[in-house]
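This report refers to the structure that appears directly beneath it.
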Amino acid sequence: DGGITQSPKYLFRKEGQNVTLSCEQNLNHDAMYWYRQDPGQGLRLIYYSQIVNDFQKGDIAEGYSVSREKKESFPLTVTSAQKNPTAFYLCASSITGAAYEQYFGPGTRLTVT
Amino acid sequence: QKEVEQNSGPLSVPEGAIASLNCTYSDRGSQSFFWYRQYSGKSPELIMFIYSNGDKEDGRFTAQLNKASQYVSLLIRDSQPSDSATYLCAASSASKIIFGSGTRLSIRP
């Protein structure tokens, strides 16, 4: 069964701690993306990667970091520098590039207190 | 700032009627257009994509694109209660995809 998995579904952290969100895909897609969604709002792009070992900042990259060591995996670290990290985080992948449809994982809801 | 605009709703439509969702985009370089459905607390699910001017039909869904007017729409025929969700419009160029904030659709029995 091809798809995108994100874990965990819910994550709770104390302020000041770094936390890493997992994203894995077995769709053989080259491009992967991380978005943040706040209540009642659209998706905002954090980081994206179009090829292994390469990634670019999106619109709201401050306080976040990523790596792309394998085609299948694109983990996102929310650092303590992110001022308002509580949100719904969505990982997506596409064949290659933004012109192609993106498929989303189930999301991770992060709560920082 | 390149944008995709949608009416936030809620749009209330009686069961069995046609629901019409609209979206405008500002980047004339946009080439591909997508409609996603998102249930509350869930991730977006792709339901339609369109690249060329005109209509594209898939079951009860029809996507319409007018590049001259920079306008995309989604029609849902024979609306069902299960269609109640937020619908996200997205427009992409070769380098970037931009999502609208979504329209909340409510199908009333």
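The values are calculated or read from the model by the stated rules, or taken from the named source; none is laboratory data. Note that this is a predicted model, so its numbers are computed, not measured. Glycine gets a Cβ as well: all are built from the backbone with ideal geometry, and neighbour counts include every protein chain shown. What goes into the accessible areas is simple: the full protein's heavy atoms, side chains included, and nothing from ligands, DNA or RNA. Shrake-Rupley method; radii C 1.70, N 1.55, O 1.52, S 1.80 Å.
Things to note:
- Taking the centroid of alpha carbons for each part, segment A:1-66 and segment B:1-61 are 23 Å apart.
- Positive-end extreme of charge dipole, the protein assembly as shown - chosen from B:Leu21, A:Ile46, B:Tyr39 (charges on Cβ): A:Ile46
- Taken over the alpha carbons of chain A as equal point scatterers, the Debye sum produces base-10 log I(q)/I(0) values at 0.10, 0.12, 0.13, 0.15 Å⁻¹ of -0.25, -0.36, -0.43, -0.57.
- Rolling a 1.4 angstrom probe over the protein heavy atoms with all chains in place gives chain B an accessible area of 48 Å² per residue.
- Accessible area buried at the A-B interface, both sides summed, 1.4 Å probe (Å², nearest 100): 1500
- If you wrap the tightest convex hull around every Cα atom of segment A:1-57 and split its volume per residue, you get 129 Å³.
- A simple count of charges around B:Lys56, restricted to other residues whose Cβ falls under 15 Å of its Cβ and scoring Lys, Arg +1 and Asp, Glu -1, yields -1.
- Computed about its Cα centre, the charge dipole of chain B is approximately 180 debye, with only Lys, Arg, Asp and Glu carrying charge at their Cβ.
- Charged-residue dipole, Cβ positions (Lys, Arg, Asp, Glu), segment A:21-113 about Cα centre, Debye nearest 20: 220
- Chain B: C-alpha gyration tensor shape, a/c 1.5 cut-off, then a/b vs b/c: prolate
- Full extension of the segment from A:Glu15 to A:Thr86, taken as 0.36 nm per residue of separation minus the current Cα-Cα distance, would add 24.6 nm.
- Here the 3J(HN,Hα) profile of segment A:35-43, calculated from phi with Karplus coefficients 6.51, -1.76 and 1.60 at θ = phi - 60°, is 10, 10, 10, 9, x, x, 10, x, 8 Hz, Gly and Pro shown as x.
- Carbon/sulfur fraction of accessible area - the protein assembly as shown, other protein chains in place, 1.4 Å, %: 47
- Going from the isolated chain to the complete set of protein chains, segment B:32-57 loses at least 50 Å² of heavy-atom accessible area (1.4 Å probe) at B:Ser43, B:Pro44.
- Using equal-weight Cα scatterers in the Debye expression, the normalised intensity of the protein assembly as shown in log10 at q = 0.09, 0.11, 0.16 Å⁻¹ is -0.36, -0.54, -1.10.
- The residues of segment A:22-43 occluded by other protein chains by 20 Å² or more of accessible area, set against the chain on its own, are A:Tyr35, A:Gln37, A:Gly42, A:Leu43; surface from heavy atoms, 1.4 Å probe.
- Subtracting the Cα-Cα distance of B:Leu11 and B:Ser52 from 0.36 nm times their residue separation leaves 12.1 nm of extension gain.
- Cβ-based net charge around B:Gly100, under 10 Å, with every Lys or Arg adding one and every Asp or Glu removing one: -2
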